[in-house]
1. Could you tell me whether any residue of segment 48-67 is exposed (fewer than 14 other Cβ atoms within 10 Å of the Cβ), assigned to a loop (DSSP other than H, G, I, E, B), touching a residue at least 60 places away in the same chain (Cβ under 8 Å) and not β-branched (Val, Ile, Thr)?
2. Criterion first (open to solvent by less than 60 Å² (accessible area, probe 1.4 Å), modelled with pLDDT under 85 and not in a helix (DSSP H, G or I)) does residue 36 satisfy it?
3. Between residues in segment 106-128 that are under 16 Å from residue 72 (Cβ atoms) and in contact (Cβ under 8 Å) with a residue 24 or more places away in the chain and residues that are open to solvent by 90 Å² or more (accessible area, probe 1.4 Å) and part of a helix (DSSP H, G or I), which pairs lie under 7 Å by C-beta distance while being six or more apart or on different chains?
4. Residue 24 passes all but one of (1) modelled with pLDDT under 85; (2) assigned to a loop (DSSP other than H, G, I, E, B); (3) open to solvent by 40 Å² or more (accessible area, probe 1.4 Å); which number fails?
5. Here are the criteria: (1) at pLDDT below 95; (2) hydrophobic (A, V, I, L, M, F, W, C); (3) open to solvent by 50 Å² or more (accessible area, probe 1.4 Å). Tell me which single one residue 74 does not satisfy.
6. Among the residues of segment 105-126, which ones are assigned to a helix (DSSP H, G or I) and open to solvent by 20 Å² or more (accessible area, probe 1.4 Å)?
7. So, in segment 68-98, how many residues would count as being assigned to a helix (DSSP H, G or I) and basic (Lys, Arg)?
8. Looking only at residues in segment 136-157 that are part of a helix (DSSP H, G or I) and open to solvent by less than 20 Å² (accessible area, probe 1.4 Å), which one is farthest from residue 54 (Cα to Cα)?
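The values are calculated or read from the model by the stated rules, or taken from the named source; none is laboratory data. Nothing here was measured: the structure is a model prediction, and the numbers come from that model. Because the Cβ atoms are built from the backbone with ideal geometry, glycine has one as well, and the counts that use them run over all protein chains shown. Accessible surface areas use protein heavy atoms only, side chains included; no ligands, DNA or RNA. Shrake-Rupley method; radii C 1.70, N 1.55, O 1.52, S 1.80 Å.
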Amino acid sequence: MIPSWIIIGAVTFFIALGSFLITPRDVKWFANLSRPRWLVFEPLIPVIWTVIFICGAASATIVWEKNPGSLITWLIMALYLLVEIITVAYIPTMLRFRSLKVGEVLGLIGLISGVVLAICVLPISLMAALLLLPYLVWTPIGTYTTDELKELNPQDA
């Protein structure tokens, strides 16, 4: 049988990879937006998200291993999947609509979903919940950054 961490890692990887495959050609629009002066960490964002996805996959693996195959575990896995899909949908959806507001809304939905996930996971495993902290810390930063981009680029809000 294939170990759960391989399956969870593969699902995480392919969903994250999917965002690159479906990203519309409107990247130029986003690249031309004015950015806040404090946004000096932008080149690190892919690394940050890679760490966040790895932590999320590790968290999901811990939860799965606690009670593999139970209905509650499957429901929590669906919530992990939903959080990742919302997260990955941010860029393609925002680019497709050329709307920073769409990105901001998806960021807020992702944050709320992430908080719900952490609350569901906490009684199962403190470590699994702690592994969700990078997502819960970074998502508000990303959402705030999108809001700042809206302020600097009102024509693209």
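1. no
2. Against the criterion (open to solvent by less than 60 Å² (accessible area, probe 1.4 Å), modelled with pLDDT under 85 and not in a helix (DSSP H, G or I)), residue 36 does not qualify.
3. These pairs meet every condition: 124/66; 125/66.
4. (3)
5. Unmet condition: (1).
6. Answer for segment 105-126, where residues must be assigned to a helix (DSSP H, G or I) and open to solvent by 20 Å² or more (accessible area, probe 1.4 Å): 105, 106, 108, 109, 111, 112, 115, 116, 119, 120, 126.
7. Of the residues in that region, 1 qualify.
8. 149
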